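First up is the structure itself, then whatever we jot down about it.
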Amino acid sequence: MQDSNVNEMNRSTPYITKTEENVLHTYNRFPVVFESGEGVRLKDVNGKEYLDFGAGIAVFALGYGCGAYNEALKAQVDALIHTSNLFYNIPLSEAAEKLITAAGMGEGSRAFFTNSGTEAIEGALKAARKYAWNKEKRDDHEFIAMRQSFHGRSIGALSVTGNDHYQEAFRPLMGGVRFADFNDFDSVLAQVNERTCAIILETVQGEGGIYPAQPDFLQKIRALCDEKDILLILDEIQCGMGRCGAMYAWQKYGVAPDIMTTAKALGCGIPVGAFVLNGKTAASSLVPGDHGTTYGGNPLACAAVSKVFDLFEECALVEHVNAITPYLEKKLDELVGAFDCLSERRGMGLMQGIVVKDIPVGKIVAAALEEGLVILSAGSDVLRFVPPLVIREGDIDEMAQKLSRVLKRLS
Ligand SMILES: *Cc1c(COP(=O)(O)O)cnc(C)c1O
């Protein structure tokens, strides 16, 4: 048995020391150095195995070491890695077609590839401002965003992130943002005025604590946007890409956005994001000169995106998510029933959260790591479960056993 607490046997120490001596300390990292992965399991430098219910923060949908994905990347590395957006490239043409098809946002919709989710949000905000500018030629347009939301850390994305703790030290932020309460339509209505150009929200709030939008909330917002020609921006960066039981979570609501953002599992580990504009928005917003990126949509990233969409189809991943979700929900509900410190489960598909009382959630996450289980937190008191989409019932059983042991120890 290897024990990562026994210092002389701990191979991770030099890597951790070197990292902390050189990388800006913006994360309180857990003292684990992962070295390899296979399926839904990770291995650290001490050879210890971990069952992964975090997937690199809802990224690695396909599981680690997916042969077909790795081969596609290797082939693209040998063919061509980068060209810039001054030219066309083959993977871009293929990835864009597959994304537009998966999004299903109708005739004339168009995608723009970015390097991250944050940049997808930036692009979405700019597209909305430009659309409104084209209509009214005024420069005081406003956004409505939600409290407890998360859209990223750049100044623009942070400005629509409804979390005082993240914003506080970085003011003044981008102007023209009003906040409403998620799942409270009247609070949204109260913020609408003639300057409102877009409403931005996550279909399922992730970092804020795993809150799915209620169907009537989203439907009323859609109707409001239609009535006033306000754009609806749905952030699907975490909840999209099959995680919630549809390629994009909004597809389960019968309500489509004007602008959608996607990232995280879009490249399954290759840094890539995108925003997609529906036909109406694409026809009257960003044009040459308005927006750009050196890397965005480069051949390597797009080869990843293209292969990810192929594998989603070949492996019927969305169907698998729908088939396995009831089992995960049942096991999590059993845990909630068995432990007084767990009070509520909520979520959609393989994006689930359990509310914790009395024990700091970080303590549970750290103890789970010792037990060989990677889980994440969300908000201040929620345990987050966002496994690779390829998990099976046996993995869920193992997760529940490990978590039970951890909770017994801490209770
Ligand atoms: C992670 C996340 C982002 C930011 O994406 P990055 O790739 O980290 O820039 C934005 N919105 C949501 C909902 C997210 O979960």
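The values are calculated or read from the model by the stated rules, or taken from the named source; none is laboratory data. Treat the numbers as computed from the prediction; the structure is a model and nothing was measured. Here the Cβ is made from the backbone with ideal geometry for all residues, glycine too, and neighbour counts use every protein chain on show.
Residue check: is Ala274 closer than 30 Å to Pro299 by Cβ and surrounded by fewer than 24 Cβ atoms within 10 Å (Cβ to Cβ)?
Numbers: closer than 30 Å to Pro299 by Cβ: yes; surrounded by fewer than 24 Cβ atoms within 10 Å (Cβ to Cβ): no.
Considered against the rule, which asks whether it is closer than 30 Å to Pro299 by Cβ and surrounded by fewer than 24 Cβ atoms within 10 Å (Cβ to Cβ), Ala274 comes out as no.
Given the residues Asn70, Asn22, Asn89, Asn10, which is the only one that is away from the ligand (no atom under 16 Å from the Cβ), of a type in the set (S, T, N, Q) and at pLDDT below 95?
Working: Asn70 fails: at pLDDT below 95; Asn22 fails: at pLDDT below 95; Asn89 fails: at pLDDT below 95.
Unique residue meeting the criteria: Asn10.
Criterion first (away from the ligand (no atom under 16 Å from the Cβ), of a type in the set (A, V, I, L, M, F, W, C) and closer than 16 Å to Asn278 by Cβ) does Ala132 satisfy it? Spell out the reasoning first.
Values: away from the ligand (no atom under 16 Å from the Cβ): yes; of a type in the set (A, V, I, L, M, F, W, C): yes; closer than 16 Å to Asn278 by Cβ: yes.
Here the answer is yes, as Ala132 does meet what is asked.
Test Gly156 against the stated conditions and say whether it is free of Cβ contacts under 8 Å to residues at least 60 places away in the same chain and either within 25 Å of the chain's Cα centre (by Cα) or in the same structural domain as Ala378 (by TED's automatic domain parsing) (or both).
Details: free of Cβ contacts under 8 Å to residues at least 60 places away in the same chain: yes; either within 25 Å of the chain's Cα centre (by Cα) or in the same structural domain as Ala378 (by TED's automatic domain parsing) (or both): yes.
The answer is yes for Gly156.
Among the candidates Ala256, Ala249, single out the residue that is touching a Cys at 6+ places or on another chain (Cβ under 7 Å) and either more than 25 Å from Ile81 (Cβ to Cβ) or not hydrophobic (A, V, I, L, M, F, W, C) (or both). Explain how you work it out, then say what you get.
Values: Ala256 fails: touching a Cys at 6+ places or on another chain (Cβ under 7 Å).
Answer to the check: Ala249.
Considering (1) more than 16 Å from the ligand (Cβ to nearest atom); (2) at pLDDT 95 or above, say which one Gly162 fails and leave the rest.
Condition not satisfied by Gly162: (1).
Return a yes/no flag: does region 379-395 have any residue that is among the acidic types (Asp, Glu) and out of contact with any strand residue (DSSP E or B) (no Cβ under 9 Å at 6 or more places or on another chain).
yes
Hey, could you check region 107-129 for residues that are closer than 12 Å to Asn278 by Cα and more than 23 Å from the chain's Cα centre (by Cα) and say which is nearest to the ligand (Cβ to nearest atom)?
Gly108
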